[in-house]
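Notes follow once the structure below has been shown.
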Amino acid sequence: MLQWAQFHDVPLYKWRLPVQGSVAQNLTDEEMERLYQSEPGLWGYFCVGCPCMLTRNIHPLLGLANGTSGTYHSLTFGDNGVRYSTSSGQSGRLGGRHGMPVLGFCEVVFQEGDRPESVNVIPELDDEQRARYVAAQSLGAHDGPIVVPVLFDHKAGREVNKVDLVSLYAAMLGLEVCVKAIMHMVELAFAVTDYKLQGKTLDKLVLSLGPRSFKPHWKLSALYVLLSRVRKLAGLRLAAQVPDWSHLLQLKHKSSMKLWMKAYDEDGWFQPELAAREQIAINARVATAQASKKGGKQAKPRVPPAKQQAPKPQAPAAASKRKAPGDTRGKARETDEMVQKKAPPAKKPKPGATTSTCTLHGLVNEGNSCYASAMLQLLYAIPSLRAGLLSLPTMSTTSARL
């Protein structure tokens with residue numbers, strides 16, 4: 001954000017976020033001020049034109065929901081304004097009867113206890129949402145940008161209002177990892193995670209696909225979300241070239257994905273019996289793999305001596321065939337026979353009916369079928385993933401600007 005303000009020659013505003021709980025009650029004023037100076041996360045920031053994202057559902061029907069993107073527009077103060085001081089030595093009051101002075105790039109710090117009443121945001125709304133907002137606010141023929149005031153969120157017990165403490169001084173004070181702070185229901189969005197991008201369709205996106213030593217760690221589903229947010233491959237760029245793709249190429253899908261797809265019959269309807277059959281088959285394969293890793297010796301479950309049961313009587317020799325130790329093929333055949341007896345056979349397609357893997361009913365609706373198909377194409381085509389990643393240009397190797 002500091003680089004943004006420098007590049008656009010605009011002031012960077014910052015104010016102290018009110019801290020709640022035992023931290024605010026047990027620390028002295030001097031300790032609290034030093035904690036603010038040591039923790040950048042305990043400050044609110046504003047710079048005109050910065051990208052931002054709402055963190056609360058303000059009015060979902062009008063498009064003002066958690067995750068709505070936008071840009072910072074302005075600040076609103078009370079009648080008395082707020083006291084401020086700048087990095088260049090200026091001081092005075094902002095807002096209210098005092099107006100807003102014209103400042104170039106500088107750091108404007110509001111004095112302790114002073115903060116803006118609202119952060120005004122220009123949300124990204126489509127034509128339908130814009131029309132509903134204009135009608136709801138009785139704006140008439142409004143052609144200019146829609147500016148929405150975002151107030152403080154006083155529900156500080158929620159996860160989004162928790163600030164992680166990272167300084168050595170916080171550790172010296174013996175504070176908890178997180179503290180509760182009151183902040184506006186909007187946050188900076190220069191970079192966002194795949195979780196925030198779910199369900200969005202973008203024209204252009206810059207990806208950071210390097211290894212992560214911190215949470216959230218890479219998952220195949222997260223990689224798919226990032227790669228599928230743009231309409232065309234030309235809209236993707238890499239923030240930096242990744243020398244080694246092993247951390248992505250080693251990603252594997254969960255066995256539950258195969259179970260989910262195997263649970264649909266030829267007509268595209270979900271069948272619990274098919275899911276149960278596939279689950280038994282997966283368990284049998286896992287048992288076989290574990291036995292092969294241990295040199296053909298199956299691992300016996302450890303039972304405490306007090307809970308050991310008496311050995312079961314052996315069946316007559318003529319009634320069963322002797323199997324070599326570690327041989328699970330007979331058990332797999334017995335499992336298949338048991339499933340075939342319990343589970344009804346799969347339905348045959350009706351005469352003249354057309355079957356499609358993208359027509360799924362039951363657990364998912366029709367609208368998600370294309371998502372499931374695209375997900376499977378990624379999950380089952382991992383060898384081609386490397387070629388696709390290597391074809392993405394980086395911001396440093398291409399002159400095309402997003």
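The values are calculated or read from the model by the stated rules, or taken from the named source; none is laboratory data. Keep in mind it's a predicted model, so treat the numbers as computed, not measured. Note: ideal-geometry Cβ built from the backbone for every residue, glycine included; neighbour counts use all protein chains shown.
K196 - would you say it is outside any loop (DSSP other than H, G, I, E, B) and within 29 Å of N66 (Cα to Cα)?
The answer is yes for K196.
Test G199 against the criterion of being within 18 Å of the chain's Cα centre (by Cα) and of a type in the set (G, A, S), and give yes or no.
Against the criterion (within 18 Å of the chain's Cα centre (by Cα) and of a type in the set (G, A, S)), G199 qualifies.
Is it the case that Y13 is among the hydroxyl-bearing types (S, T, Y), crowded, with 20+ Cβ neighbours inside 10 Å and touching a residue at least 60 places away in the same chain (Cβ under 8 Å)?
Taking the combined requirement at face value, the residue satisfies it.
Taking F77, is it more than 20 Å from D127 (Cα to Cα), in contact with a helix residue (DSSP H, G or I) (Cβ under 6 Å, 6 or more places away or on another chain) and in contact (Cβ under 8 Å) with a residue 24 or more places away in the chain?
When the stated conditions are applied, F77 passes them.
So which residues in the range 289-308 are over 19 Å from S256 (Cβ atoms), in a helix (DSSP H, G or I) and modelled with pLDDT of 70 or more?
Within the range 289-308, A291, S292, K293 qualify.
Could you please let me know if R83 is surrounded by 14 or more Cβ atoms within 10 Å (Cβ to Cβ), more than 18 Å from L151 (Cβ to Cβ) and basic (K, R)?
It is true that R83 is surrounded by 14 or more Cβ atoms within 10 Å (Cβ to Cβ), more than 18 Å from L151 (Cβ to Cβ) and basic (K, R).
Would you call S38 exposed (fewer than 14 other Cβ atoms within 10 Å of the Cβ) and more than 27 Å from the chain's Cα centre (by Cα)?
Judged against the criteria, S38 is not a match.
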